[in-house]
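Novice: Before anything else, here's the structure in question.
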Number of protein chains: 2
Amino acid sequence: MSIDRRSGCPINLSLEVFGDRWSLIILRDMIFGGKRHFRDLLNRSLERIASNILADRLKRLMELGMLTRADDPTHKQKAIYSLTEMAITLVPILAHLGAWGRVWLPVSEELSIRAELLEKGGPPMWEKFMDELRHEHLGTPSDTPPDATVRATLQAGYEAVVARKAPGAGCDVGA
Amino acid sequence: MSIDRRSGCPINLSLEVFGDRWSLIILRDMIFGGKRHFRDLLNRSLERIASNILADRLKRLMELGMLTRADDPTHKQKAIYSLTEMAITLVPILAHLGAWGRVWLPVSEELSIRAELLEKGGPPMWEKFMDELRHEHLGTPSDTPPDATVRATLQAGYEAVVARKAPGAGCDVGA
DNA sequence: CAAACCAATTGCATTTTGCAATCGGTTGTA
DNA sequence: TACAACCGATTGCAAAATGCAATTGGTTTG
């Protein structure tokens with residue numbers, strides 16, 4: 001484990017694991033965006049992380065027990081990254097980060113609707129979401145239909161905001 | 001405001017404010033340790049932050065609206081830093097960071113008892129603590145006696161663990 | 001009165017970050 | 001079938017950030 005351990009304080013140790021600019025962004029994209037491949041995380045993410053930083057952080061998060069990596073059976077070149085239980089239990093922290101950011105920072109409406117819905121849903125919603133992530137990443141059993149998952153709820157909220165704010169609403173400007 | 005704004009996502013924006021190794025450590029020491037002077041934060045903190053980093057982060061947190069700075073009326077050279085409401089509302093995030101760290105990382109018992117008590121106390125305890133911080137840093141009225149504050153509770157828990165684990169307990173080795 | 005303290009700043013070496021290009025192989029599309 | 005796009009990285013290099021230790025001139029303490 002490549003952490004300093006400057007002190008045994010739990011907050012300090014948590015920050016030694018993910019207290020950098022990029023680790024929680026990667027985990028956010030995996031948790032909320034369902035991203036699991038390198039190129040998704042590199043090119044289909046809004047903050048434009050650098051490829052060497054992405055590679056470094058993925059490796060580090062694996063070494064620290066937050067992620068695992070396997071060959072993707074559907075594509076010879078692709079690696080698929082999975083969250084461990086250690087990472088999945090970060091959902092409440094990410095929910096709180098989102099809620100705090102909504103209050104104090106210049107968020108965009110499209111990108112903050114998920115945080116709003118998570119805050120409204122509270123801990124029961126977060127628990128349900130973590131169970132879904134366990135199913136998806138760890139193979140645990142799940143009885144939630146795919147269109148009733150928390151991620152589907154969050155995505156529907158996002159799409160509703162996007163549709164409401166679409167330019168030229170009411171004009172047919174082509175697909 | 002010197003943030004990138006790489007995206008309008010609230011999690012990203014929160015991390016642009018305090019997603020570095022040191023900002024939340026400084027805020028932790030102010031919130032939980034009652035530290036408000038440069039030397040306290042520099043020399044009486046376990047993680048040994050470098051002085052140029054401390055100066056830089058304090059300046060940045062002030063610019064971002066998390067802290068204010070005033071001359072300390074009790075000492076001509078001392079500056080006293082105060083938390084703003086923006087910073088005070090980080091208490092739940094810090095509580096969750098502590099709880100997560102206790103589960104997954106090699107914490108020390110002395111330094112994690114505060115996190116344990118906060119987790120047990122839950123949101124009502126956090127709200128009470130934030131009110132106390134408002135009183136201490138923003139001058140709002142408070143009706144909590146000094147020995148019944150959340151910080152006093154946390155400190156008593158810490159001291160109980162330290163006394164229980166003291167070497168040579170039962171020997172009088174001098175003051 | 002001397003030592004310790006105050007909030008920083010500074011010099012410098014090391015490490016990290018960010019940008020862009022690159023690699024050889026694999027897959028998808030016209 | 002040819003070729004472009006894709007795959008998970010790695011690499012080169014410049015800029016930025018970090019960390020260590022020393023320093024500053026004034027203030028407070030023992």
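Novice: For the range B:1-78, which helices (runs of 4 or more DSSP H) that fit wholly inside it have 1 or more residues that are assigned by TED's automatic domain parsing to the domain that holds residue B:101 and out of contact with any helix residue (DSSP H, G or I) (no Cβ under 6 Å at 6 or more places or on another chain)? It would help to see each step written out before you state the result.
Specialist: Working: elements: B:10-18, B:23-31, B:38-43, B:51-63.
Here the list is empty.
Novice: Please work out if residue B:49 is within 12 Å of DNA strand C (Cβ to nearest atom) and within 13 Å of chain A (Cβ to nearest Cβ).
Specialist: Values: within 12 Å of DNA strand C (Cβ to nearest atom): yes; within 13 Å of chain A (Cβ to nearest Cβ): yes.
Yes, satisfied.
Novice: Out of the range B:30-40, which residues are farther than 17 Å from residue B:138 by Cβ, more than 14 Å from chain A (Cβ to nearest Cβ) and touching a residue at least 40 places away in the same chain (Cβ under 8 Å)?
Specialist: Within the range B:30-40, B:37, B:38 qualify.
Novice: A further question follows. I'd like to know if the range B:93-101 contains one or more residues that are in a loop (DSSP other than H, G, I, E, B), at pLDDT 95 or above, closer than 30 Å to residue B:14 by Cβ and not acidic (Asp, Glu). Give the derivation first.
Specialist: Quick first cut of the range B:93-101, residues in a loop (DSSP other than H, G, I, E, B) only: none.
No, the conditions are met nowhere in the range B:93-101.
Novice: Mind checking which pairs have a first residue in the range A:12-25 that is at the interface with another protein chain (Cβ under 7 Å from one of its Cβ atoms) and within 13 Å of residue B:12 (Cβ to Cβ) and a second that is assigned to a helix (DSSP H, G or I) and among the aromatic types (Phe, Trp, Tyr), Cβ under 9 Å, 6 or more apart or different chains?
Specialist: The qualifying pairs are A:24/A:18.
Novice: Please state which of the following conditions residue B:59 fails to meet, knowing it meets all the rest: (1) touching a residue at least 12 places away in the same chain (Cβ under 8 Å); (2) over 15 Å from the mean Cα position of the chain (by Cα); (3) closer than 26 Å to residue A:102 by Cα; (4) within 15 Å of DNA strand C (Cβ to nearest atom).
Specialist: Going through (1) touching a residue at least 12 places away in the same chain (Cβ under 8 Å); (2) over 15 Å from the mean Cα position of the chain (by Cα); (3) closer than 26 Å to residue A:102 by Cα; (4) within 15 Å of DNA strand C (Cβ to nearest atom) one by one, residue B:59 breaks only (1).
Novice: Given the residues B:91, B:103, which is the only one that is within 9 Å of chain A (Cβ to nearest Cβ) and closer than 24 Å to residue B:158 by Cα?
Specialist: Step by step, each of B:91, B:103 is checked, and only B:103 is within 9 Å of chain A (Cβ to nearest Cβ) and closer than 24 Å to residue B:158 by Cα.
Novice: So how many residues does the range B:66-81 have that are touching a residue at least 40 places away in the same chain (Cβ under 8 Å) and more than 7 Å from DNA strand C (Cβ to nearest atom)?
Specialist: 3
Novice: Select from the range B:1-29 the residues that are within 12 Å of DNA strand D (Cβ to nearest atom), modelled with pLDDT under 95 and out of contact with any Lys or Arg (no Cβ under 8 Å at 6 or more places or on another chain) and list them in ascending order.
Specialist: Of the range B:1-29, the ones within 12 Å of DNA strand D (Cβ to nearest atom) are B:2-4, B:16, B:18-23, B:25-26.
Within this subset, residues satisfying the condition of being modelled with pLDDT under 95 are B:2-4.
Residues satisfying the conditions are B:3, B:4.
Novice: Considering only residues that are more than 9 Å from DNA strand D (Cβ to nearest atom) and out of contact with any Asp or Glu (no Cβ under 9 Å at 6 or more places or on another chain), which ones fall in the range A:31-43? Spell out the reasoning first.
Specialist: The initial filter retains those residues of the range A:31-43 that are more than 9 Å from DNA strand D (Cβ to nearest atom), namely A:31-35.
Once the filter is applied, which keeps residues that are more than 9 Å from DNA strand D (Cβ to nearest atom) and out of contact with any Asp or Glu (no Cβ under 9 Å at 6 or more places or on another chain), the range A:31-43 yields A:31, A:32.
Novice: Would the range B:95-103 turn up any residue that is in contact (Cβ under 8 Å) with a residue 60 or more places away in the chain and crowded, with 22+ Cβ neighbours inside 10 Å?
Specialist: Within the range B:95-103, one or more residues are in contact (Cβ under 8 Å) with a residue 60 or more places away in the chain and crowded, with 22+ Cβ neighbours inside 10 Å.
Novice: Looking at B:39, B:21, B:44, B:6 in this structure, which one is within 10 Å of DNA strand C (Cβ to nearest atom), surrounded by fewer than 21 Cβ atoms within 10 Å (Cβ to Cβ) and closer than 22 Å to residue A:108 by Cα?
Specialist: Numbers: B:39 fails: closer than 22 Å to residue A:108 by Cα; B:21 fails: closer than 22 Å to residue A:108 by Cα; B:44 fails: closer than 22 Å to residue A:108 by Cα.
That would be B:6, the only listed residue that is within 10 Å of DNA strand C (Cβ to nearest atom), surrounded by fewer than 21 Cβ atoms within 10 Å (Cβ to Cβ) and closer than 22 Å to residue A:108 by Cα.
Novice: Could you grab the pairs with beta carbons closer than 7 Å, sequence gap of 6+ or different chains, first residue in the range B:42-55 and among the hydroxyl-bearing types (Ser, Thr, Tyr), second one part of a loop (DSSP other than H, G, I, E, B) and within 9 Å of DNA strand D (Cβ to nearest atom)?
Specialist: Listed pairs, sorted by first residue: none to list.
Novice: How many residues does the range B:102-147 contain that are at positive phi and part of a helix (DSSP H, G or I)?
Specialist: Looking only at the range B:102-147, we keep the residues that are at positive phi, and these are B:122, B:139.
With the extra rule that they be part of a helix (DSSP H, G or I), the set shrinks to B:122.
Adding up the residues that qualify gives 1.
The values are calculated or read from the model by the stated rules, or taken from the named source; none is laboratory data. Keep in mind that what you see is a predicted model, and the values were worked out from it rather than measured. Because the Cβ atoms are built from the backbone with ideal geometry, glycine has one as well, and the counts that use them run over all protein chains shown.
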